[in-house]
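*Asks:* Submitted below is the structure of interest, expressed as structure tokens.
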Amino acid sequence: MIVTFCGHSRFVGTEKHEKYFLALLENTVGNNPTEFFLGGYGAFDDFAYSCCKKYRMTHPNTKLVFITPYLSHESNLKNKTAQYDAIIYPEIESVPLKYAIWHRNRWMVEKADIVIGFITHQSGGAYKTYRHAVSRNKPFFNIANHT
């Protein structure tokens with residue numbers, strides 16, 4: 001199973017958000033072998049990483065996977081190696097750099113079985129990623145609706 005995430009870069013996670021997020025993972029993933037595809041940019045991505053890392057403490061069949069939109073411009077890939085179980089670069093090298101994050105997000109959604117997000121407004125990259133998930137009929141769980 002693959003789970004990916006999308007949310008606004010300006011996000012302040014609360015204890016209530018975390019509890020709901022972890023309960024959602026428990027209900028949707030359980031003990032199934034799972035890869036968490038994480039973007040690693042912005043506040044929601046940091047929150048998702050933190051929650052997935054906590055989840056992994058009691059569910060060893062999970063992996064944290066950083067999906068990088070840049071190969072040559074990723075200055076902190078060495079740091080990411082220590083934080084994640086794997087790093088994947090999707091085949092998007094022909095995409096102009098300014099569109100790399102969108103193409104990476106789209107790739108993550110297309111690979112995912114489930115998408116979890118925090119969407120509160122209808123603009124920006126997170127909303128665009130959410131719309132792509134809906135267009136692909138991916139189960140989408142918006143934690144903004146439950147906290």
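The values are calculated or read from the model by the stated rules, or taken from the named source; none is laboratory data. Remember, it's a predicted structure, so these values are computed and weren't measured experimentally. Methodologically, a virtual Cβ is constructed for each residue, glycine included, from the backbone with ideal geometry; neighbour enumeration extends over all protein chains shown. Surface areas here come from the heavy atoms of the whole protein model, side chains and all, with no ligands, DNA or RNA. Shrake-Rupley method; radii C 1.70, N 1.55, O 1.52, S 1.80 Å.
*Asks:* Can you pull out every residue in the range 113-129 that is of a type in the set (A, V, I, L, M, F, W, C) and assigned to a helix (DSSP H, G or I)? Please lay out each step first, then the result.
*Replies:* First, pick out the residues of the range 113-129 that are of a type in the set (A, V, I, L, M, F, W, C): 114-116, 118-119, 126.
The answer is 126, and nothing else.
*Asks:* Quick check: anything in the range 78-86 modelled with pLDDT under 90 and either touching a Leu at 6+ places or on another chain (Cβ under 8 Å) or open to solvent by less than 30 Å² (accessible area, probe 1.4 Å) (or both)? If you could, list the steps in order and put the result at the bottom.
*Replies:* The initial filter retains those residues of the range 78-86 that are modelled with pLDDT under 90, namely 78-83.
Cutting the leftovers down to either touching a Leu at 6+ places or on another chain (Cβ under 8 Å) or open to solvent by less than 30 Å² (accessible area, probe 1.4 Å) (or both) gives us 80, 83.
There is at least one residue in the range 78-86 that is modelled with pLDDT under 90 and either touching a Leu at 6+ places or on another chain (Cβ under 8 Å) or open to solvent by less than 30 Å² (accessible area, probe 1.4 Å) (or both).
*Asks:* Among the numbered criteria (1) within 13 Å of the chain's Cα centre (by Cα); (2) at pLDDT 90 or above, which single criterion is violated by residue 61?
*Replies:* Unmet for residue 61, out of (1) within 13 Å of the chain's Cα centre (by Cα); (2) at pLDDT 90 or above: (1).
*Asks:* Same structure, new question: With the condition kept exactly as written, say whether any residue in the range 90-112 is under 16 Å from the mean Cα position of the chain (by Cα), assigned to a helix (DSSP H, G or I) and more than 14 Å from residue 5 (Cα to Cα).
*Replies:* Within the range 90-112, the subset under 16 Å from the mean Cα position of the chain (by Cα) is 90, 100-112.
This time we only want the ones that are assigned to a helix (DSSP H, G or I), so: 100-111.
Keeping just the survivors that are more than 14 Å from residue 5 (Cα to Cα) gives 100, 103.
Looking through the range 90-112, at least one residue is under 16 Å from the mean Cα position of the chain (by Cα), assigned to a helix (DSSP H, G or I) and more than 14 Å from residue 5 (Cα to Cα).
*Asks:* Which of (1) open to solvent by 30 Å² or more (accessible area, probe 1.4 Å); (2) closer than 18 Å to residue 145 by Cα does residue 32 not meet, given it meets every other one?
*Replies:* (2)
*Asks:* I've got another one for you. For the range 30-62, what are the residues that are assigned to a loop (DSSP other than H, G, I, E, B) and without any contact (Cβ under 8 Å) to a residue 40 or more places away in the chain?
*Replies:* Residues of the range 30-62 that are assigned to a loop (DSSP other than H, G, I, E, B), as a first pass: 30-33, 39-41, 59-61.
Hits for the range 30-62 are 30, 31, 32, 33, 59, 60, 61.
*Asks:* Among the residues of the range 64-77, write down those that are outside any loop (DSSP other than H, G, I, E, B) and at pLDDT below 90. Give the derivation first.
*Replies:* Initially, the range 64-77 is screened for residues outside any loop (DSSP other than H, G, I, E, B), giving 64-67, 77.
The one that is outside any loop (DSSP other than H, G, I, E, B) and at pLDDT below 90: 77.
*Asks:* Of the conditions (1) part of a helix (DSSP H, G or I); (2) at pLDDT below 95; (3) open to solvent by 80 Å² or more (accessible area, probe 1.4 Å); (4) closer than 24 Å to residue 24 by Cα, residue 144 clears all except one; give me its number.
*Replies:* (3)
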